[in-house]
Amino acid sequence: MPKRYKKQAEETEPKKEATTPALTKKPKVKSSKPLFKGLNENLDKWRVSPIAGLFLIVFSVCILLAFISFLFTWKVDYASASKLSANWLGSFGKNLSDFFINGGFGVASFGFVPLVFLTGVKLLTGRSLLPAGKTFAITLFLIVWVSVCLGFFFPVGEYAFMGGEVGLLCSGKIIILIGKTGTLIALAFIAMVFLVLNNLMAVPFSTKKPETLIPEEKEEEESPSTPEPVEVPKNTLIEPEQPSNTIEFSVEEPVVMDKKKEKPEAKKSDSVEFSIEKAPEVVAPIQDMEEKKISDSPYDPTLDLSSYKFPPISLLPEYGKDEVVIDAEELTANKDRIVSTLRHYGIEIKKIKATPGPTVTLYEIVPQDGTRISKIKNLEDDIALSLSALGIRIIAPMPGLGTVGIEVPNRNPGIVSLKTIINSDQFQKSNMELPLALGKTISDIPYVVDLTKMPHLLMAGATGQGKSVGLNAIIVSILYKKHPSQVKLVLVDPKRVELSLFNKIERHFLAKLPDAEEAIITDTKKVVNTLNSLCIEMEQRLELLKDAGVRNIKEYNEKFVARRLNPQSGHKFLPYIVVIIDEFADLIMTAGKEVETPLQRLAQVARATGIHLVIATQRPSVNIITGTIKANFPARIAFKVTSKIDSRTILDTGGADQLIGKGDMLISNGSDLIRLQCALVGTNEVEEITEFIGSQQGYAAAFALPEYVEEGGENSGEGISADEKDSLFDQSARIVVETQQGSASLLQRRLKIGYNRAGRIVDQLQSAGIIGPFEGSKAREVLIKDMMSLEQKLKDLTPDNFQE
């Protein structure tokens, strides 16, 4: 492919995420041209590529018209002394044709028309109609070969223009070299070799499949080959190897450190072994890397927005250095104070290992045999006093390690930027359905989890401790990983100011009720209607999963992508729906059971249908976070809270009250409790990301949730008469009798109507005596068993036939 076309093609294609797992970080390369930073983003924003593509398409049509006109008007133009040209495109067409045909490749110049046209289509739509490399190479070869042939057959005379100057010059040189007969043989030989090597002409005596002269390039739209998945147990971390830069210390009584010594002294019987470990550069677990089965012609849900571009990583800034700075003096001083405090209370230890993190350093101690762990746990306040530090947390014992952990805040805490997590291998090369870049562990390892495995998330913390930043990090993680066709967001913001920035991506990622004016839900009444609408969406999806014979949305979409489900039967590609509720306590105070009831239904059942909940509150009290909610939210995040009671309410254990704030958090997923530093993403970055997405072409409107009408509302379906008979009544009756199922969801799928209209039709069918009454969990009985009886029933149907 010529460089200029290849460059244009690469600029119009959305960036494909890498799929090859790697266990090492790539070295950072500083840009040598900072003046051009962000140029590609600006070009994308100005939509230069689509405009250039449209121009090339129009230009290819002009070339074609000029060339065709030249074949009929060239004699008139060259014989006339007038400035007016007989060409259909005037002087421009005459000069253009003269340059390409007379001065170039002759009639073979018509080959440039499809090249320009295909390039324009590529820039405009982002898709190639034909394999770019092979098409360009074959066309250019034919242009040159045809030009030389025509120059050979029409060297002089009226039709000498047929081969153009290039054809005449090349054929003349070849004739001088090998003569006319040799030239004819050479041209024929080149043509046959070209046909044979490109599999365009069969060779009967060939026993080996010939190689293609011009290899077909793999289009950028094609899926890249997926390597063998790495088998990693779920929810486990890869055990890092012992790092090579471990510093070993030996300390005797009294504890004295010689800073000039590089090697440790020989360890005595009463000495304490101490080591400082730098965080190993290993990748976190990549969960559920499954190789997807794709059919020969799979359905692609992203084609509706094929030109969509993911936000570039350059929109996220870096805060400070990416690596943890190890202060050996601080670590040694803290170690001495810990050893001294424990010995003061008669606790001897054998070994201490320090692992520095972004904001907290973990000191792992191995006590002498016979030491009671509870005795160390009770010294939490004494150790905090000796270290003059807040946020000391003792983990006794460390799960699966046989040590006691003491977490001590760093004197100069670092900042974890969301950019480092998004740019890490754990995020970029994960095969998770909904990856969330939450932050870094105290071992300085990026922590990425899959929301679908949680499957719901509960967040709590006092005011100003990082909940809003955590919610922004969750949303931005989804925006950086998923196409608008793959996930939709339902945002509930009672405070009206936290999530308002995401209004710009309404036509790309947001979902709302059909009659809602704004996609960000702030009114409590609309929150209740939205949650009930999501329950209807859940029921509809469960029916689709049941008909497809699958257990969850992942299996359903894989089946639909493989074209094993018929859209005519109501099947469609189902995007994930993530419901994010900020300040849940305010909703419970104002709406109470109206909010809690549909929320409990969603938490219990919706996970299989791809609907996941993320709830945040600053009041983790028992009347807000009830036992029913906690039972269905196994994954919980706790930022700093004010009391141990609040910590136990959210995590079922203490620890959240001992955090240091500013994004310091604990995440509990089942039995594990992990301390993280939340990734920081500011308001300015969120605004730039939403502006970048919102400036692109989106859907006609936000994703429409099912219509929900309250019980007793104007469309409740009561008092139905024959005069109010729905226009789809007869068709619905035939569907019910044909399938012998009196179900509103069946009518929804078959007739592609809303839930409320389908419910009204079901009520009318009951009034007309076609189906029986509602019987709880049982399906309605169909009273008419054959189509002939139904047609007679519909024919005789009068207002008197309806049962009041």
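The values are calculated or read from the model by the stated rules, or taken from the named source; none is laboratory data. Not measured: the values here are computed from a predicted model. Quick reminder, even Gly has a Cβ in these numbers, built from the backbone with ideal geometry, and neighbours come from all protein chains shown. Surface accessibility is based on the protein's heavy atoms, side chains included, excluding ligands, DNA and RNA. Shrake-Rupley method; radii C 1.70, N 1.55, O 1.52, S 1.80 Å.
The rows are residues; the columns are (1) of a type in the set (S, T, N, Q); (2) surrounded by 18 or more Cβ atoms within 10 Å (Cβ to Cβ); (3) at positive phi.
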position: SER306; (1), (2), (3): yes, no, no
position: VAL325; (1), (2), (3): no, no, no
position: ASN334; (1), (2), (3): yes, yes, no
position: LEU342; (1), (2), (3): no, yes, no
position: TYR345; (1), (2), (3): no, no, no
position: THR355; (1), (2), (3): yes, yes, no
position: TYR363; (1), (2), (3): no, yes, no
position: ASN378; (1), (2), (3): yes, no, no
position: LEU390; (1), (2), (3): no, no, no
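Among the candidates LEU142, LEU130, which residue alone is free of Cβ contacts under 8 Å to residues at least 60 places away in the same chain and part of a loop (DSSP other than H, G, I, E, B)?
Going through LEU142, LEU130 in turn, the sole match is LEU130.
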Of all residues in the range 456-504, count the ones that are open to solvent by 10 Å² or more (accessible area, probe 1.4 Å) and closer than 28 Å to THR649 by Cβ. 14
Here the residues within the range 759-804 that are at pLDDT below 85, small (Gly, Ala, Ser) and either over 28 Å from LEU705 (Cα atoms) or not in a loop (DSSP other than H, G, I, E, B) (or both) are GLY759
Condition broken by ILE474, with the remaining ones in (1) modelled with pLDDT under 90; (2) part of a helix (DSSP H, G or I) satisfied: (1)
Can we say LYS630 is touching a strand residue (DSSP E or B) at 6+ places or on another chain (Cβ under 8 Å) and at pLDDT below 90? yes
Taking the conditions exactly as written (hydroxyl-bearing (Ser, Thr, Tyr), surrounded by fewer than 23 Cβ atoms within 10 Å (Cβ to Cβ) and in a helix (DSSP H, G or I)), does THR452 satisfy them or not? yes
Can you name every one of the strands (runs of 3 or more DSSP E) wholly within the range 584-698 that holds 1 or more residues which are over 30 Å from GLU539 (Cβ atoms) and open to solvent by 60 Å² or more (accessible area, probe 1.4 Å)? 672-678
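Residues are listed down the side, and each one gets a yes or a no for (1) at pLDDT below 85; (2) over 28 Å from SER477 (Cα atoms):
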site	(1), (2)
ALA284	yes, no
SER295	yes, yes
PRO312	no, no
GLY320	yes, no
ILE338	no, yes
SER374	yes, yes
ASP381	yes, yes
Failed criterion for LYS440 (all others in (1) in a loop (DSSP other than H, G, I, E, B); (2) on the phi < 0 side of the Ramachandran plot; (3) of a type outside the set (Val, Ile, Thr) hold): (1)
Evaluation of ILE445 against (1) within 33 Å of the chain's Cα centre (by Cα); (2) open to solvent by less than 20 Å² (accessible area, probe 1.4 Å); (3) under 15 Å from LEU676 (Cβ atoms) (one fails), failing number: (2)
Going by what's in this entry, would LEU471 be described as touching a residue at least 60 places away in the same chain (Cβ under 8 Å), within 18 Å of ALA606 (Cβ to Cβ) and either in contact with a Leu (Cβ under 7 Å, 6 or more places away or on another chain) or not charged (D, E, K, R) (or both)? no
Per the list (1) in a helix (DSSP H, G or I); (2) modelled with pLDDT under 85, residue check on PRO397 breaks on (1)
In this structure, is PRO317 closer than 30 Å to LYS481 by Cα and surrounded by fewer than 18 Cβ atoms within 10 Å (Cβ to Cβ)? yes
